[in-house]
Structure formats: structure tokens, C-alpha cells
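Right, one structure below, let's go through it.
The values are calculated or read from the model by the stated rules, or taken from the named source; none is laboratory data. It should be emphasised that the depicted structure is a prediction, and the values quoted were computed from it without experimental measurement. Here the Cβ is made from the backbone with ideal geometry for all residues, glycine too, and neighbour counts use every protein chain on show. Accessible surface areas use protein heavy atoms only, side chains included; no ligands, DNA or RNA. Shrake-Rupley method; radii C 1.70, N 1.55, O 1.52, S 1.80 Å.
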Amino acid sequence: MRNFVGRAETSTFPIYSGMTYVSGLYQGYTPQITSTRAIVAVDWVRNGTWSLRNNGGKEFRLYALQLDGHFVDASIQFGVDGRMNQVFTGWLRLAEVQAESDREVLDAHATAVLVDWDLDVETGLVKYSFRKNGDVDTPLLHFAYAHHQKLLVQQEMSTLQPMLAPTKGQMAGVIGDTWLMQIDMSKVNQLGFLLPARADDLAPLALEQLAEFEDGWRQTILRGSYYFSGKGFQKIGSLCLLLEDFYGTNHRYTQLCSDILVKGFRCFYIPGEPDCSGAPIGSY
């Protein structure tokens with residue numbers, strides 16, 4: 001996000017499902033932590049680490065990091081109103097403390113900020129490779145859904161208090177910059193009606209679908225609601241992945257498909273553009 005036109009301040013919030021910490025990269029702001037409930041205490045723990053409490057009895061851990069991912073020095077402090085004492089460029093992170101033992105775990109992994117990730121898939125094997133901000137050796141701490149936990153191979157689990165997801169059960173904290181999940185394919189391989197998919201069969205179909213989306217992307221992803229628009233993005237995104245697999249990342253077909261996604265996403269943060277009729281308006 002940017003401030004008013006002509007101002008240099010920006011803030012960036014990487015958002016991923018399963019985040020243990022809410023993280024924001026601030027450049028040129030004087031941050032202030034606010035809450036729908038009154039903040040009743042802001043206690044300094046050590047350089048770059050504070051404990052926040054609200055009048056609902058909730059405790060949060062607050063962290064301030066330099067751009068390289070290391071904790072700030074003692075010159076940076078927060079007042080009782082949650083406002084930092086100076087203009088700040090760096091990371092702020094906030095995490096809920098659900099049990100007393102969580103403090104130590106959260107503190108130990110606070111410098112590992114997730115900023116991107118890669119997905120690799122082989123037959124029966126799925127690999128998540130997480131990328132962190134800065135040059136820190138601290139392993140990542142991230143929540144895994146129940147279905148992830150069943151498939152994880154030789155992964156270190158944290159002692160963090162599990163978190164209950166709204167729809168998918170208990171989420172557990174997993175430690176590590178890579179997740180490896182193995183799926184038993186033995187029963188699937190016994191199904192005799194599945195034909196082997198070949199690129200020379202699917203590629204022409206993918207190009208036909210690309211031609212349809214090139215002209216009809218608005219009807220597919222500007223559906224008036226975030227839910228149905230998301231379904232449209234999923235369709236086109238899946239097609240882009242197929243084209244990348246068939247033709248490569250830099251091929252014009254793959255790039256054309258990704259350009260459609262770019263145009264669609266622009267309608268969500270610049271909804272007044274001429275091609276954006278039907279884009280959802282307001283908060284989800």
C-alpha cells in the first residue's frame with residue numbers, strides 16, 4: 001500500500017494461509033498498533049520484542065525487525081498507546097499467545113519472515129519450499145492444516161498451542177523452510193479406467209480454452225462476488241499452469257495466460273478501470 005500521491009511511504013503485507021505471525025514491511029511510517037479492544041499494556045521484553053495485552057484478556061507478541069531480518073536495537077520503543085517512538089523502516093510482526101509456552105516458541109522464530117514459496121509436484125510427492133526475508137538462519141514456523149499433517153514426512157513439529165481453523169480442524173505449528181508431503185498412490189494406481197494423460201492430447205485443448213478466456217475472461221472472473229470470482233481465477237490459473245508445463249514459462253501462450261490474470265487482479269484494486277464491470281466491491 002502507498003500513502004498519498006507524491007509521498008514515499010509504503011507498507012507491504014505478505015498474506016499466506018497458515019501464518020503464525022501477521023507481518024508488515026513499513027517504509028517511512030511511524031507505526032501504531034490499534035485494536036477493536038483497548039490495549040491495556042505494552043511491555044518491553046527485550047530489544048525488538050514486546051508483550052501486548054488487551055482488555056479482552058488476550059496477549060500478543062510484537063516484534064520489530066530491521067530490513068535484514070534481525071531485531072532492532074533499544075532505540076526503538078512503543079508507548080502505552082501502541083505508537084512507535086520514531087519513523088520506521090523495517091518489519092513489524094504480531095502473533096497471538098494462546099499458552100504461556102507459546103512465548104518462547106514465537107520468540108525463537110520471529111526473525112523468519114515468509115515472503116514467497118515454490119511448489120514442486122512429482123508422482124506421489126508434494127514439496128513446499130518457503131522463501132524468507134533477509135539472510136537469517138532461523139527456520140520458519142508455519143501452521144499446517146490437518147490434511148498437511150497426515151502427509152508430512154520427517155517434519156519437526158513445534159510445541160506451539162494448536163490453532164482451530166474455521167473449517168478445517170486443528171492447525172499445528174511446523175518448523176522448517178521445506179515441507180515434504182508423501183501420498184500413497186498404490187490404490188490409485190490400481191484403478192484400471194484411468195488413461196495416461198499425454199501432452200500431445202491435452203495441449204490443443206488447452207489452447208482452445210486459452211482462446212476462449214482471451215475474449216471472455218471478464219465473464220469468468222468478474223462475477224460480482226469474491227467467491228465466484230475466485231472460482232474463475234482458479235480456472236484460469238490452472239490453465240496457466242498447464243500451459244507452463246506444456247510450453248515453458250516464457251512461451252507466449254503462458255505469458256498471454258498470465259496477462260489475463262494480471263488484468264483480472266487489477267480490477268480488484270483499481271475497480272474503476274473500464275474493463276472491470278462486475279468486480280466485487282467492498283470487504284469480503
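Structure notes:
- Dipole magnitude for the stretch 1-134: computed about the Cα centre from +1 point charges on Lys and Arg Cβ and -1 point charges on Asp and Glu Cβ, it is near 400 debye.
- Helix-only arithmetic for the chain: the sum of -39500 (n - 2.57) across DSSP H runs with n ≥ 4, divided by the residue total, places the mean residue ellipticity at 222 nm at -9000 deg cm²/dmol.
- Rounded accessible area of Tyr253 (nearest 10 Å², 1.4 Å probe): 50
- Per residue solvent-accessible surface (Å²) - the stretch 148-284, probe of 1.4 Å: 68
- Ranked order, Trp91, Trp44 - accessible area, probe 1.4 Å, largest first: Trp44, Trp91
- In terms of Cα atoms, the Rg and Dmax of the stretch 27-98 work out to 11.7, 34 Å.
- Solvent-accessible area assigned to carbon and sulfur over the chain amounts to 54 percent, based on a 1.4 Å probe.
- When P(r) over Cα pairs in 10 Å bins from 0, in percent is computed from the coordinates, the matching label among (1) 6, 20, 22, 20, 17, 11, 4, 1, 0; (2) 6, 20, 27, 27, 15, 5, 1; (3) 6, 25, 30, 19, 12, 6, 2, 0 is (2).
- Helix 226-247 axis, angle to the chain major axis (alpha carbon atoms, nearest 10°): 60
- With contacts taken as Cα pairs under 8 Å at a separation of at least 6 residues, the chain carries a relative contact order of 12 percent.
- Lysines with Cα under 17 Å of Lys168, excluding same-chain neighbours fewer than 8 positions away: Lys150
- Counting all C-alpha pairs of the stretch 137-281, share separated by more than 20 Å (%): 66
- Probe 1.4 Å, all protein chains present, accessible-area order of Tyr227, Tyr247, Tyr21, largest first: Tyr227, Tyr247, Tyr21
- Residue-count net charge about Val121 - beta-carbon cut-off 13 Å; Lys, Arg +1, Asp, Glu -1: -4
- For the stretch 1-78 and the stretch 215-284, distance of Cα centres in Å: 32
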